[in-house]
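Enquirer: Questions regarding the structure given below will be posed in turn.
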Amino acid sequence: IYADPAKRLELYFRPKDPYCHPVCANRFPTSTMLLRVRRSTKRKQQLDAEEQIQPEVQLEMEILGIVTTVYKFQGMSDFQYLAMHSGPDGKQTSMYDKVLMLKPEKEEFFNKDLPLYIPPPIFSRLDTPVDYFYRPDIQHRSGYNNPQVSGENLIGLSRARRPHNAIFVNFDDEEIPTEPLDAAVQNWKKVCTNPVDKKVEEELRKLFEVRPVWSRNAVKANISVHPDKLKVLLPYLAYYMLTGPWRSLWVRFGYDPRKHPEAKIYQVLDFRIRCGMKYGYAATDMPVKAKRSTYNYSLPITVKKQGSHTVSVHDLKQGLGSAGTSGAKKPPSSRYKLKESVYIFREGALPPYRQMFYQLCDLNVESLQKIIHRNDGTELECTERDGWCLAKTSDDLRDSMSLMIKQIIRSTRPALFSNTTSSEDGKEQLAYESGEDEDDEEEEEEDFKPSDGSENEMETEILDYV
C-alpha cells in the first residue's frame with residue numbers, strides 16, 4: 001500500500017472472515033519523529049519500616065527516525081454483514097460452517113438444506129457522511145432528446161452526451177462518406193480560433209495526402225496536438241472504420257481502401273505478445289508491463305480522489321492544444337507528441353504494450369514486408385478477414401514477430417532459456433542482428449510514458465466518438 005500513493009490502507013476487524021468489510025485510512029504527509037522512551041526505576045533500600053521511600057524514576061528518550069507519511073482513519077466504520085440466521089425464537093445461529101468451504105467437500109455438502117443467505121451485492125461507496133441536496137431535473141441544451149429506454153423505472157443519464165460527430169463505416173457498407181457532417185465542421189470552427197490550430201489542421205491534411213489511412217496513435221506521433229482537440233479535428237478530415245482489415249483506423253474522406261489493392265499496406269494487425277511456459281517465459285518475466293491489471297484493482301470507497309486536469313472549451317479556444325504553459329519541459333512543437341514506438345515495430349526493440357495495433361506499412365522489418373507483399377500484382381478480392389493479403393498472412397506475421405521478441409528476451413535474460421536444448425535453439429533461432437545496444441533499449445522502455453489518451457485499444461477510441 002505504501003508503494004502506491006493512490007491506495008488506501010485497509011483494516012479488517014476480523015481478518016479470517018471473508019464477509020468482513022474493512023475501514024480505510026487516507027495517506028497524509030507529515031514531519032514527525034519516532035521516539036523510543038525508556039522508563040527505568042531504581043528502588044532504594046528501606047531502613048525504617050515506617051519510612052516510605054519513593055522510587056527514583058528516570059526517563060531516557062532516543063530519536064529513531066523521522067516519519068514522513070501517516071495513515072489516518074477518518075471515515076466511519078461501515079456496517080458489517082455476518083453470515084447469521086435468525087430462528088423463529090429470535091435466536092441467532094452462525095452459518096459460517098455451512099456456507100464456507102474450507103476443505104474439499106463431498107456431494108452431501110452441496111445438497112444440504114440451508115436457510116436463504118444472500119450477502120449484499122455492494123457495500124457503501126463512501127465512508128464519510130454527506131448531505132444530499134435534491135436538485136430539479138437537469139436542463140440540457142436545446143435540441144437534446146432523452147434516450148429511448150425499455151423500462152419505466154430506469155435511471156436516466158446524468159448529462160447529455162458530447163458527440164464529436166464522427167462517421168462510422170462498416171466493411172459491408174456499400175458507400176463511403178466524401179465529406180464530414182455539418183456538426184463536425186461547426187465543432188472544429190468553434191475550436192479553431194488561433195493560428196496554431198490552423199497549422200495543426202494543415203499538418204493533418206498533409207498527413208492524409210501522404211497516407212490516406214492513419215491510426216490515432218500514428219497521428220499523435222507525427223503532429224503535436226492536444227488529445228481533446230484531436231477528437232474534434234479527426235472527424236473533420238476522415239471517417240472511422242469499425243470492422244474489416246482497416247478497423248480502428250481513420251480513412252480520408254472519399255478514399256475507399258476496399259477498391260484499391262495498394263491499400264493493403266495500411267491494413268491493421270492486432271498483435272499481442274505471447275506469454276506462457278510453452279513460450280519459454282511467464283508473464284512475470286516479460287519486460288513489457290501490462291497497461292492495467294486486475295491485481296491492482298482498488299475499491300471505489302475513496303474519501304478524496306485525485307483530481308485530473310479538465311480542459312474547458314475556453315482553454316481549447318486559447319490554443320492549449322499546442323501553446324501550453326511556460327513551465328513545461330517540452331517545447332510547444334512536441335509537447336503532445338508520442339514516441340514512434342507506439343505505432344512502428346522495429347527490429348530489436350520491444351513494443352511499449354503487450355497488445356498493439358500496427359499498420360502493415362509500419363512493420364519496419366524486411367522479412368515481415370516480404371510476407372506482406374507475397375501476392376503483389378495478383379490481388380483478386382478484398383476479404384473482411386485478410387483484406388488484400390493472402391489468407392493467414394496475419395498469423396504468419398504474428399509468428400515471426402513473436403520469434404523476434406523471444407530473441408530479444410533471450411538476449412536480455414538468458415537465465416530464462418538456460419534449460420532449452422540445442423535442437424530447440426536451432427528451430428527457434430531467428431537470424432537477425434539488433435541495431436541497438438541492450439542498455440539503450442532498456443532505457444528506452446523505462447523512459448516511455450504515454451500521454452493521456454494514448455492507450456492503443458480500439459474500444460477506447462470508439463467510446464470517445466459515440
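Enquirer: Do you know which residues across the stretch 368-397 are open to solvent by 60 Å² or more (accessible area, probe 1.4 Å) and farther than 22 Å from L242 by Cα?
Expert: Result: K370, H373, R374, D376, G377, T378, L380.
Enquirer: Step by step: first the residues of the stretch 99-122, then only those that are part of a loop (DSSP other than H, G, I, E, B) and in contact with a Phe, Trp or Tyr (Cβ under 8 Å, 6 or more places away or on another chain), then the one that is most open to solvent (accessible area, probe 1.4 Å). Which residue is that?
Expert: So, considering only residues that are part of a loop (DSSP other than H, G, I, E, B) and in contact with a Phe, Trp or Tyr (Cβ under 8 Å, 6 or more places away or on another chain), the one most open to solvent (accessible area, probe 1.4 Å) is M101.
Enquirer: Looking at the structure I just gave you, is D182 at pLDDT 80 or above, out of contact with any Cys (no Cβ under 7 Å at 6 or more places or on another chain), open to solvent by less than 100 Å² (accessible area, probe 1.4 Å) and charged (D, E, K, R)?
Expert: no
Enquirer: Shifting gears a bit: For E209, indicate whether it is farther than 30 Å from C389 by Cα, open to solvent by 60 Å² or more (accessible area, probe 1.4 Å) and either assigned to a strand (DSSP E or B) or not hydroxyl-bearing (S, T, Y) (or both).
Expert: Here the answer is no, as E209 does not meet what is asked.
Enquirer: Another question, then. Quick check on this structure: which one of K305, K231, K317 is over 30 Å from Q369 (Cα atoms), at pLDDT below 85, open to solvent by 30 Å² or more (accessible area, probe 1.4 Å) and touching a helix residue (DSSP H, G or I) at 6+ places or on another chain (Cβ under 8 Å)?
Expert: Within the list K305, K231, K317, the selection yields K317.
Enquirer: List pairs: first residue in the stretch 179-208 and closer than 11 Å to Y236 by Cα, second residue open to solvent by less than 30 Å² (accessible area, probe 1.4 Å) and among the β-branched types (V, I, T) anywhere in the structure, Cβ distance under 6 angstrom, at least six positions apart or on different chains.
Expert: N187/V232; W188/V232
Enquirer: Out of curiosity, is L363 closer than 26 Å to R258 by Cβ, modelled with pLDDT of 85 or more and buried (at least 20 other Cβ atoms within 10 Å of the Cβ)?
Expert: yes
Enquirer: Take the residues of the stretch 1-34 that are acidic (D, E) and under 30 Å from Y117 (Cβ atoms): which is nearest to the chain's Cα centre (by Cα)?
Expert: In this case the residue turns out to be E10.
Enquirer: Within the stretch 240-250, work out how many residues are surrounded by 23 or more Cβ atoms within 10 Å (Cβ to Cβ) and not in a loop (DSSP other than H, G, I, E, B).
Expert: Adding up the residues that qualify gives 2.
Enquirer: Can you tell which of Y81, Y96, Y19 is surrounded by 10 or more Cβ atoms within 10 Å (Cβ to Cβ) and over 26 Å from P129 (Cα atoms)?
Expert: Within the list Y81, Y96, Y19, the selection yields Y96.
Enquirer: Another question, then. All but one of (1) at pLDDT 90 or above; (2) within 30 Å of I118 (Cα to Cα) hold for V37; which doesn't?
Expert: (2)
Enquirer: Could you please give the count of residues in the stretch 52-72 that are open to solvent by 100 Å² or more (accessible area, probe 1.4 Å) and not in a strand (DSSP E or B)?
Expert: Selection size over the stretch 52-72: 2.
Enquirer: Taking the stretch 207-243 on its own, how many of its residues are over 25 Å from the mean Cα position of the chain (by Cα) and small (G, A, S)?
Expert: Looking only at that region, the number is 1.
Enquirer: Kindly indicate whether V196 is part of a helix (DSSP H, G or I) and either modelled with pLDDT of 95 or more or aliphatic (A, V, I, L, M) (or both).
Expert: Here the answer is yes, as V196 does meet what is asked.
Enquirer: List the number of the failed condition for K91; all other conditions in (1) within 26 Å of C20 (Cα to Cα); (2) basic (K, R); (3) at pLDDT below 85 hold.
Expert: Of (1) within 26 Å of C20 (Cα to Cα); (2) basic (K, R); (3) at pLDDT below 85, only one is false for K91: (3).
Okay, residues lined up against (1) modelled with pLDDT under 85; (2) within 30 Å of Q186 (Cβ to Cβ):
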position	(1), (2)
Y96	no, no
P147	yes, yes
I155	yes, no
S158	yes, yes
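The values are calculated or read from the model by the stated rules, or taken from the named source; none is laboratory data. Only a predicted model underlies this, so the values are computations on that prediction, with no experimental measurement involved. Cβ coordinates were reconstructed from backbone atoms using ideal geometry, including for glycine residues, and neighbour counts include every protein chain displayed. Areas reflect the complete protein model, heavy atoms only, side chains present, ligands, DNA and RNA absent. Shrake-Rupley method; radii C 1.70, N 1.55, O 1.52, S 1.80 Å.
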